[in-house]
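The values are calculated or read from the model by the stated rules, or taken from the named source; none is laboratory data. Values in this document were obtained by computation on a predicted structure and should not be read as measured data. Please note: Cβ atoms are built from the backbone with ideal geometry, for glycine as well, and neighbour counts cover all protein chains shown. Heads up: the accessible areas ignore ligands, DNA and RNA and are worked out on the full protein's heavy atoms, side chains in. Shrake-Rupley method; radii C 1.70, N 1.55, O 1.52, S 1.80 Å.
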Amino acid sequence: MLVATVRVSGKPFILWVGLVSVALASAGCSPAVAVDANWLSDRGGVIGADASAAARVTHLAESLIARAGRSGVTVAVLGTREPGAFAWPGGRVFVSRGLVECMTDAELQAALAHELGHLAAHPGARPPAAVVGQADPDECDADRAGLALLVAIGQDPGAMRSMLSKLSVHPAVPEAARRAVALRIAQLSNSN
């Protein structure tokens, strides 16, 4: 896979182009998925594929991606210690090292399912859609889609609530985001 930095309207972007281009194009996505280089750098860059965090995330994402039927989705771990997960249009999913370190496998898989929920529910959404986002309809749609995906692969849907509960009290998550996550937990409880 080719990784390149390009400038669009004077702003640097990272491009991932390679074998996934054919799969993305056939899915109606752009064959080159641009991620803002400054955004990426601000979050510690991407941890190499040989790191244990990256291997863990890739392993947990495999069954979700297969079940979601989304070709061309890739996952990567950001170097930041702040917990977070993000979905970029076109199939790039990022989780932070901080999220990997504070979640169980089931909770981390729930965060990945939430991000895949963004890709399924709002494929053209503005980047990045995030697990620690507002309590708006897009986040709630991603929560519900993620729950359905967890159930489809035989995982406990309670992991979604558990993951969100950890984020709602994590000291590195801004107070406004913690309140929004708490509202999303209440909405999940009300939808059952």
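In the stretch 74-118, the residue that is nearest to the chain's Cα centre (by Cα) out of those that are over 12 Å from R43 (Cα atoms) and acidic (D, E) is E115. Screening the stretch 140-154 for residues that are surrounded by fewer than 19 Cβ atoms within 10 Å (Cβ to Cβ) and either touching a residue at least 60 places away in the same chain (Cβ under 8 Å) or small (G, A, S) (or both) and picking the one that is nearest to A121 (Cα to Cα) gives A148. The single condition from (1) within 29 Å of A37 (Cα to Cα); (2) at pLDDT below 95; (3) surrounded by fewer than 24 Cβ atoms within 10 Å (Cβ to Cβ) that F94 fails is (3). The sole residue among P137, P157, P123, P171 that is open to solvent by 40 Å² or more (accessible area, probe 1.4 Å), within 27 Å of A55 (Cα to Cα), modelled with pLDDT under 90 and over 11 Å from the mean Cα position of the chain (by Cα) is P123.
Output the number of residues of the stretch 183-192 satisfying the condition of being open to solvent by 40 Å² or more (accessible area, probe 1.4 Å) and either in contact (Cβ under 8 Å) with a residue 40 or more places away in the chain or in contact with a strand residue (DSSP E or B) (Cβ under 6 Å, 6 or more places away or on another chain) (or both).
Qualifying residue count for the region: 3.
Being touching a Pro at 6+ places or on another chain (Cβ under 7 Å) and in a helix (DSSP H, G or I) is the filter; apply it to the stretch 139-174 and report the residue that is nearest to I65 (Cα to Cα). Looking at residues that are touching a Pro at 6+ places or on another chain (Cβ under 7 Å) and in a helix (DSSP H, G or I), I get L150. Quick check on H114: is it buried (at least 19 other Cβ atoms within 10 Å of the Cβ), in contact with a Gly (Cβ under 7 Å, 6 or more places away or on another chain) and either modelled with pLDDT under 90 or closer than 18 Å to M160 by Cβ (or both)? Criteria met by H114. Quick check: anything in the stretch 56-77 over 30 Å from R178 (Cα atoms), modelled with pLDDT of 80 or more and surrounded by 19 or more Cβ atoms within 10 Å (Cβ to Cβ)? Within the stretch 56-77 (the criterion being over 30 Å from R178 (Cα atoms), modelled with pLDDT of 80 or more and surrounded by 19 or more Cβ atoms within 10 Å (Cβ to Cβ)), the answer is yes, since at least one residue qualifies.
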